[in-house]
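A.B. asks: For reference, the structure I am asking about is given below.
Every read-out reported here was derived from the displayed coordinates using simple, explicitly stated rules and does not represent laboratory data. Values in this document were obtained by computation on a predicted structure and should not be read as measured data. Methodologically, a virtual Cβ is constructed for each residue, glycine included, from the backbone with ideal geometry; neighbour enumeration extends over all protein chains shown.
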Amino acid sequence: MTILYGIPNCDTVKRARDWLTNQGVAHEFHDFKKQGVPADHLAAWVQAAGWERILNRKGTTWRKLPEAQQASVVDAASAQAVMREQASVIKRPVVEWDDGRITVGFDAVDWETRI
């Protein structure tokens, strides 16, 4: 089963969910706000895509973090600690495809090759 991780009020997540539905891709939605960030999955995402790709340094949540906390993110372990604490700094959506592949962000052209 394909699982889409994100927050429900994110426009990109909404577009991604709509796209999956319109393409007939069976999927589940995991809400970071209600269900949290599964630590074991986060580690797998970081291993598959790299922490720099998973961590969204352009978003509002990142910009609101204290400078010292931002500066403390220097490697995968420190990035994961911040992402577990502040799920909104994770680039959205993260998708675990039914074949085990992981994508970060929404790209309809790329996704078309996955279904």
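A.B. asks: Evaluate the following for A26: is it closer than 14 Å to R114 by Cα, touching an Asp or Glu at 6+ places or on another chain (Cβ under 9 Å) and of a type outside the set (S, T, Y)? Outline the logic, then answer.
C.D. replies: Numbers: closer than 14 Å to R114 by Cα: yes; touching an Asp or Glu at 6+ places or on another chain (Cβ under 9 Å): yes; of a type outside the set (S, T, Y): yes.
Yes.
A.B. asks: How many residues does the stretch 39-74 contain that are of a type outside the set (A, V, I, L, M, F, W, C) and touching a helix residue (DSSP H, G or I) at 6+ places or on another chain (Cβ under 9 Å)?
C.D. replies: 13
A.B. asks: Provide a single number: the residues in the stretch 36-56 that are surrounded by 13 or more Cβ atoms within 10 Å (Cβ to Cβ), on the phi < 0 side of the Ramachandran plot and among the small types (G, A, S).
C.D. replies: Qualifying residue count for the region: 4.
A.B. asks: Take the conditions out of contact with any strand residue (DSSP E or B) (no Cβ under 9 Å at 6 or more places or on another chain) and not charged (D, E, K, R) and apply them to G105. Does it pass?
C.D. replies: no
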